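Inspection log for the structure reproduced underneath, given as structure tokens.
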């Protein structure tokens, strides 16, 4: 019996020592080494791909979208979009941010509805009508056929920070009118903030909405 107890004690002590060693190696040393390498090699990505405004204040992440809405009025359940800004893809998961100074995530996820779901079809139909209405100006009419898919559908995560160049260009006339800029100025702004495919063939051209709106704000301030 004494031998059995001694053997059990040795096994327990060996297991405890293994636990302590693995805790130090895997739970302390490894995370510190990986974090250190990431901070040296990829500091921006390691810290969340943060975006700063002209004053150096962090206003969001290049990887997470933001909404640009007017303040919620009494009796409203959904805030109206602030049409002086470029608008992101539809999403119920993005925190409201109309001045680019803060950001918040409410939830993440897609609609999980099939393409023939009547409710989803109605959402897309209503969204397309709103895009046509909001982006048509006195001298420019948006046609339903002009509206790209990303203007009326959310991404898989619901947090997409980018829109297609087509959707950005569709908004140019409205943004120019609301901010008293020329169409050429805003069009050039979109062109300057359009990213090509990664390595020339991966993914699709895209526009980061937060970066574009920060540039827009600087342009408006410069014109003022």
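Readers should treat all values here as calculations from the given coordinates under stated rules, not as data from a laboratory. Being a predicted model, the structure only gives us computed values, none of them experimental. Here Cβ is always computed from backbone atoms with ideal geometry, including for glycine, and neighbour counts include all displayed protein chains.
On the principal axes of its alpha-carbon atoms, the chain has extents of 95, 45, 44 Å, going from largest to smallest. Short-range pairs are left out: with C-alpha atoms under 8 Å and at least six residues apart, the relative contact order of the chain is 18 percent. When peptides 24-32, 58-66 are ranked by their average number of other Cβ atoms within 10 Å per residue, the highest-first order is 58-66, 24-32. Here the label points at residue 5 and residue 24, each 7 Å from Cα along the C-beta direction, are separated by 3.0 nm in the simple model.
Computed from Cα atoms, the angle from the helix 209-223 axis to the main principal axis of the chain rounds to 50 degrees. What fraction, in whole percent, of alpha-carbon pairs in segment 118-224 exceed 24 Å separation? Of all Cα-Cα distances in segment 118-224, 29 percent exceed 24 Å. Rg/Rh for segment 2-43 stands at 1.41; both radii use Cα atoms, and Rh follows the Kirkwood definition. Take each peptide in 186-192, 3-9, count the other Cβ atoms within 10 Å of every residue, and average; sorted highest first, the result is 186-192, 3-9. Of the residues 214, 19, 83, the one that moves most in a GNM of the chain with alpha-carbon contacts below 10 Å is 19. Compute the FRET efficiency between residue 184 and residue 35 as 1/(1 + (r/R0)^6), taking r as their Cβ-Cβ distance and R0 = 45 Å, and round to the nearest 0.05. E between residue 184 and residue 35, to the nearest 0.05, is 0.45.
Rounded to the nearest 10 degrees, the inclination of helix 2-24 to the longest alpha-carbon principal axis of the chain is 30 degrees. Counting only alpha carbon atoms, the long axis of helix 118-135 and the longest principal axis of the chain meet at about 50°. Reducing segment 157-173 and segment 1-62 to their Cα centroids gives an inter-centroid distance of 38 Å.
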